[in-house]
Amino acid sequence: MKITFKNKDIASVKTDVQIILLEKKPSIKKFVGENDIEALEESGFFKESGDSFYVSSSKRLYLKLKDFDTEEIKVAAAKAYSALKNFSFKSAKVEVCGDVQLFCAAFTEGFILGGYSFDWYKSEKKDSQLKSIHITAVLPKKSATTEQKLNETIEASIVVSQSVNFVRDIVNSAPDDATPIQVATIAEKVAKDEGFECKAYDEKFLKSESMGAFLSVARASAHPPRLVHMSYKPKGAATPAKRIVLIGKGLTYDSGGLSLKPADYMVTMKADKAGACATIGIMQAAAKLNLNVEIHGFLGLCENMIGGNAYKPDDILKAKNGKTIEVRNTDAEGRLVLADVLCFAQEYFKKAAKPFDYMVDMATLTGACVVAVGEYTSGVMGHNEKLKKLLLSSAEEAGDLMAPLPFNKHLRKLIKSEIADISNCSSSRYGGAITAAMFLDEFIYDENKQKWAHLDIAGPAYVEKAWDYNPHGASGTPVRTMIEFLKKMQKGN
Ligand code: BES
Ligand code: ZN
Ligand code: ZN
């Protein structure tokens, strides 16, 4: 699909169909093509029923929006895609509504994200016939922007949206098609294609690095674990504006282990690798956009399974930083894997004497986070208020929903252990997202406390119903947020 901006009057651009966005106001009828009024009137379009209506005589698809807000435009573009999928049109055009730059970016993103469907396992695939979309506006003579700049905006939107869809594909893949080794191979391929470094480490290496917590979680699986380190440095730039570390939870399947999940809760646990998959997608998009930021992505990839050699509740594990952990629930495995990966990443930069600016981990960590903020929102945690605000504003700009969850000293007591340094499970059901983050905090070195933030993406990473421009299944969050965040880093924020 080709999406382009044309500095032309819409009437002079010839396509098979026209998409018309209308703001739902009393004056809505004023903007409708004269001959279409009757058809739209009869369909009840101007009243409450339906958001879209196609008038075949004029080959126009009308969409009703609350206002021309960025998110509304994305949703409308997604609806336009679904409506047009059923026709055999090859080309479409749409006129800019509101700010031209914002419209080009939002419409493109909504169209590509809304056009995603996961059909790998379907015998019959339904492909859209649409090949090209023209976004049009007549730019004023003294316009600050140009046709070329707007096409660059569209290109950037395409890059990010395609990476989101790429992440959706990996997360949606069946667990037997996305084992730790297979996901590591995907990371290696992305790095090779984009021209940056990637190393995948096996069990032997994990042992040599004393990553006892990670190894214990991985032990009962037939699929061996992998620790992946992807490192992107901007091409040609003298000094990158910032050095950013991303950490992704990559449980390619979470059965719960011996603290086995009930059958209903186990379904969808292929999505427990969403943090690692998002890390791959973020690095792919950042490289394609040639962002002037050095980015290191660390993925903790393994499966949490059962078996005679499975780790058990009551086991005491030793993490890379020497801390001992009492296992009280093998289903709280993500924090065990992340504990070691966080330590590994921090050690790496310490040894290399390369201080990083920020470290953000992304993890489908707790059901408690979903209970706290709902399934469409991620939780943002950490000690640094400025960093959390940067992430929250990036989410807002990108269209992801995120909410801060505050630490407090009372909750910290709940992960104390009588016999080890810390327990992997809180003694209370309440505040589970925060106590999980506080567990991770035990593995953040003092000098890095202000550099770290944790994103619990358990809710929106995978939703079993379509919402806005997100399909059933994986959403690809938080790729868009993190690209906005990296752009802020590039600006030196
Ligand atoms: N992977 C799950 C968290 C999860 C739940 C992700 C729902 C996506 C949707 C995690 O490993 C887990 O099982 N956490 C437990 C922790 C508990 C045992 C302390 C949970 O949330 O119940
Ligand atoms: Zn679990
Ligand atoms: Zn998990």
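The values are calculated or read from the model by the stated rules, or taken from the named source; none is laboratory data. Keep in mind that this is a model prediction, so the values were computed, not measured. Neighbour counts run over all protein chains shown; Cβ positions are idealised from the backbone, glycine included. These area figures cover heavy atoms from the full protein model, side chains too; ligands, DNA and RNA do not enter into them. Shrake-Rupley method; radii C 1.70, N 1.55, O 1.52, S 1.80 Å.
Before moving on, here are some points about what is shown:
- Some residue of the stretch 199-212 being modelled with pLDDT of 95 or more, surrounded by 24 or more Cβ atoms within 10 Å (Cβ to Cβ) and within 30 Å of G110 (Cα to Cα): no
- Here the stretch 315-342 is the region considered, the condition is being in contact with a Pro (Cβ under 7 Å, 6 or more places away or on another chain) and open to solvent by 10 Å² or more (accessible area, probe 1.4 Å), and the residue that is nearest to ligand 3 (Cβ to nearest atom) is N329.
- Scanning the stretch 453-493 for residues that are assigned to a strand (DSSP E or B), of a type outside the set (S, T, N, Q) and either out of contact with any helix residue (DSSP H, G or I) (no Cβ under 8 Å at 6 or more places or on another chain) or under 16 Å from M402 (Cβ atoms) (or both) turns up A453, H454, L455, D456, V463, W467.
- For the stretch 441-479, a tally of residues being open to solvent by 20 Å² or more (accessible area, probe 1.4 Å) and either closer than 17 Å to V380 by Cα or within 16 Å of ligand 1 (Cβ to nearest atom) (or both) returns 10.
- Qualifying residue in the stretch 209-221 (condition: over 24 Å from M269 (Cα atoms), in contact (Cβ under 8 Å) with a residue 24 or more places away in the chain and more than 25 Å from the chain's Cα centre (by Cα)): yes
- Listed here are the strands (runs of 3 or more DSSP E) enclosed by the stretch 246-331 that have at least 3 residues being free of Cβ contacts under 8 Å to residues at least 60 places away in the same chain and under 20 Å from the mean Cα position of the chain (by Cα), and there are none.
- Candidate set: the stretch 61-108, residues that are part of a strand (DSSP E or B) and under 16 Å from E23 (Cα atoms); chosen: the one most open to solvent (accessible area, probe 1.4 Å): E95
- Qualifying positions in the stretch 120-144 - surrounded by 12 or more Cβ atoms within 10 Å (Cβ to Cβ) and not β-branched (V, I, T): S128, Q129, L130, K131, S132, H134, A137, L139, S143
- Pairing residues of the stretch 344-364 that are acidic (D, E) with residues that are in a strand (DSSP E or B) and open to solvent by less than 50 Å² (accessible area, probe 1.4 Å), at Cβ distances under 6 Å and at least 6 apart in sequence or on separate chains, gives D357/R243; D361/I247; D361/H454.
- Any hit, the stretch 335-350, residues being farther than 23 Å from A398 by Cα, in contact with a Ser or Thr (Cβ under 8 Å, 6 or more places away or on another chain) and within 16 Å of ligand 2 (Cβ to nearest atom): yes
- Any hit, the stretch 34-56, residues being modelled with pLDDT of 95 or more and assigned to a helix (DSSP H, G or I): no
- Scan the stretch 343-354 for residues that are open to solvent by 40 Å² or more (accessible area, probe 1.4 Å) and under 26 Å from the mean Cα position of the chain (by Cα) and the total you get is 1.
- So V217, is it within 14 Å of ligand 3 (Cβ to nearest atom) and open to solvent by 70 Å² or more (accessible area, probe 1.4 Å): no
- Test: Q148 is open to solvent by 70 Å² or more (accessible area, probe 1.4 Å), outside any strand (DSSP E or B) and in contact with a Phe, Trp or Tyr (Cβ under 7 Å, 6 or more places away or on another chain): no
- Boolean, T364 is within 16 Å of ligand 3 (Cβ to nearest atom), among the hydroxyl-bearing types (S, T, Y) and open to solvent by 10 Å² or more (accessible area, probe 1.4 Å): yes
- Condition met for K312 (open to solvent by 10 Å² or more (accessible area, probe 1.4 Å), within 15 Å of ligand 2 (Cβ to nearest atom) and more than 19 Å from G367 (Cα to Cα)): yes
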